[in-house]
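Here is the structure we will look at.
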Amino acid sequence: MNQKMIRQAQELQARLTKAQEELANATVEGSAGGGAVKIVMNGHQEVQSVKISPEAVDPQDVALLEDMVLAAFKDGFTKAQDLTQKRMGAITGGLKIPGLM
């Protein structure tokens with residue numbers, strides 16, 4: 001490898017590292033039940049918080065609450081994946097690099 005290629009690889013690595021750090025600090029919110037259940041996730045698809053409105057809690061219908069939590073998680077997870085693909089795709093030029101996306 002010549003020096004130019006090595007420098008470009010180092011620059012790419014630095015940009016990828018910075019993007020990973022930004023994703024750790026970025027958040028998305030998934031919700032269900034008209035906002036009765038909200039899940040906040042970071043760009044690494046890690047759950048940061050879960051909020052459940054008191055109106056969503058019905059002891060007679062626990063299954064509905066379970067469904068809303070699952071739907072909110074799926075919504076947040078999809079949004080976090082989209083955020084990751086946008087941020088990392090901008091750096092990698094759309095290349096699918098294993099372990100990054």
Quick one: GLY93 ticks every box in (1) on the phi > 0 side of the Ramachandran plot; (2) in contact with a Lys or Arg (Cβ under 6 Å, 6 or more places away or on another chain) bar one, so which box is it? (2)
Pairs with Cβ under 6 Å, 6+ apart, first in segment 54-72 and touching a residue at least 24 places away in the same chain (Cβ under 8 Å) and under 13 Å from GLY35 (Cβ atoms), second outside any helix (DSSP H, G or I) and of a type outside the set (A, V, I, L, M): MET68/GLY33; ALA72/GLY30; ALA72/SER31
Pick from segment 1-40, criterion in contact with a Leu (Cβ under 9 Å, 6 or more places away or on another chain) and more than 24 Å from LYS86 (Cβ to Cβ), ranking: surrounded by the most Cβ atoms within 10 Å (Cβ to Cβ): VAL37
Could you list all residues from segment 67-83 that are of a type outside the set (D, E, K, R) and over 12 Å from LEU23 (Cβ atoms)? MET68, VAL69, LEU70, ALA71, ALA72, PHE73, GLY76, PHE77, THR78
Is there any pair linking a residue in segment 18-29 that is within 13 Å of ALA90 (Cβ to Cβ) to one that is part of a strand (DSSP E or B), with Cβ under 9 Å and at least six apart or on different chains, and which? LEU23/ASN42
All positions within segment 45-67 that are aliphatic (A, V, I, L, M) and assigned to a helix (DSSP H, G or I): ALA56, VAL62, ALA63, LEU64, LEU65
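No value in this document is a laboratory result; all are computed from the given coordinates. Computed from a predicted structure; not experimentally measured. Virtual Cβ from ideal backbone geometry, glycine too; neighbours counted across all protein chains shown.
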